[in-house]
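Novice: One structure coming up, written as structure tokens, with questions to follow.
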Amino acid sequence: MKGAGSRALARFVAAAVVVIAAAARAATHVDGRAGERVGVAQDGEHAPDEARPVTGRALPELAPLDRMMTAFMDAHDVPGAALAVARDGKLVYARGFGHARGFGRTDRERARPVEPTSRFRIASVSKPLTAVCVLQLVEAGRFELDTPLVELIDLPDGTAFADSRIGRITVQDVLWHRGGWDRGASFDPMFATRRIVREQRPDGPLDSPPTKGEIRDFVLARPLDHDPGLRYTYSNFGYLLLGLAIESTSGQDYANYATEHVLEPIGVRHMQLGRSLPADRPADEVEYDGRGRTGRSVFGAPPGAIVAAPDGSFQLEVMDAHGGWIASAPDLVRFASAVDLAGANLLAPESVAAMVARPPGSEDARVWYGCGWSVRDVDGESARNLWHTGALPGTSALLVARHDGFVWAVLFNAREGEGGRDLAALIDPLVHRAVDAVEDWPEDDLFDELD
């Protein structure tokens, strides 16, 4: 009898183990891409790890987006992120993942989750906004796309260019990154702070970073790396000059013009220029994980103290028109939804056409850089995707406007993922797949809740 009882007990325990395992499988989805097990609560709310919070409204039908984000963050050890998705101009998804602050092992008591409306540095995702400002001013008759850019910029009396070709660089050339500056062949002056200060201020003082005017004069006193209009070579400095042209032709500060004429008319009220130092940042801006990287501060008297790379090793304030904005993911989605390929609230149809036009030599290309956007030919001339990425130490950002009416923004408070690649590049194809996997989209508009 004792042996029979033991066998019965063993069968009961084995059956219980099977039931428990089946329940665990039912409550856990496996992402087919990464093979990461991602826990999902029964109501569709993700709960992969109590240490990594998820904020914002959870809907079971949007679980592919939740699974993609949590699996990605686990795979790449991302401290915090936000994702917003719009469909035909309506915000249908907005969630925060992980920690905005206090994500280090030693400061958990400061931990604060990323909210859907948390603000992040967006780095070069600032360029589409600058391009829209420029195209608006062209519409207003302030200048033409073929106007030489230096004619629009306030320069010191007696300015002499080291290279006569600088006078031939047009607004269009710079929008297309064809101005003739090649950071690969020389360097990116936006990150050459100490060199510029030493050369522009031989008699001092050396205890503050350069102004935009000093950067402008420093670069214009040097020869170009190649002929204007010759080929695409990405240039942050070119977009700094576009910001100066916006100021001189509009009579407004760059940020004020962008806010008054682009952002506020479409309901974007929380974008602003970012600040380099943590003490100067707004309370709803995330902290940035530099992955342990440090640099010499460009601030202080004297500068040079070792700081975390995102917190003073470069000067964000002078990057305004090419990489200086902070925004929430819904802010960016609202902006890109208003700049659509059919012509919309911000630009006339002919300006939208100019924005996505092919530069010379790209007639057969599937991908090219338009005015402030990368453009992909999806279906001949009838369908195109627009996107831009941005990266700085502690920052990676992606903004996509797809041909079928979907727009999304993904923001991270770290830059590199597995293999050292930028997080925006790594997640780009995964968001496309997750959006395509959703079968039933909600009809209500989360923009109404955020306003």
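The values are calculated or read from the model by the stated rules, or taken from the named source; none is laboratory data. Everything numeric here is computed off the predicted structure, so don't read it as measured data. Cβ coordinates were reconstructed from backbone atoms using ideal geometry, including for glycine residues, and neighbour counts include every protein chain displayed. Only protein heavy atoms, including side chains, enter the accessible area calculation; ligands, DNA and RNA are left aside. Shrake-Rupley method; radii C 1.70, N 1.55, O 1.52, S 1.80 Å.
Novice: Rolling a 1.4 angstrom probe over the protein heavy atoms, how many square angstrom per residue are accessible across segment 129-266?
Specialist: Accessible area per residue, segment 129-266: 42 Å².
Novice: Okay, moving on. Any idea how far apart Arg433 and Ala140 come out in nm if each label point goes 7 Å out from Cα toward Cβ?
Specialist: 4.5
Novice: Here's another thing I want to ask about it. Over segment 168-245, with every protein chain in place, what whole percent of the accessible area is carbon and sulfur at 1.4 Å, could you tell me?
Specialist: Here carbon and sulfur together make up 51 percent of the probe-accessible area.
Novice: Report Ser248's accessible area, 1.4 Å probe, all protein chains in place, as a number in Å² to the nearest 10.
Specialist: Around 40 Å² of this residue is reachable by solvent.
Novice: A further question follows. Please list, short to long, the whole-number percent of alpha-carbon pairs of segment 129-266 in consecutive 5 angstrom bins beginning at zero.
Specialist: Pairs per bin, as whole percents: 2, 10, 19, 22, 19, 15, 8, 4, 1, 0.
Novice: Which loop GluC sites (Glu not before Pro) in segment 284-379, with loop taken from DSSP, have no more than 13 other Cβ atoms within 10 angstrom of their Cβ?
Specialist: Passing sites in segment 284-379 are Glu363.
Novice: Mean residue ellipticity at 222 nm from the helices of the chain, using -39,500 (n - 2.57) per DSSP H segment of n ≥ 4 over the full residue count, to the nearest 500 deg cm²/dmol?
Specialist: Only helices count here, giving -9000 deg cm²/dmol.
Novice: Still on this model: Expressed as a whole number of Å, what is the distance separating the alpha-carbon centroids of segment 347-406 and segment 107-127?
Specialist: 26
Novice: Out of residues 5 or more away from Thr147 or on other chains, whose amide H comes under 5 Å of its own, with H placed 1.01 Å from N in the peptide plane?
Specialist: Residues meeting the amide H criterion: Val171, Gln172.
Novice: Show me the helices of the chain, taken as full DSSP H stretches, that run 24 Å or more along their long axis by Cα and average -1.0 or above in Kyte-Doolittle hydropathy.
Specialist: The answer, listed by residue number, is 2-26.
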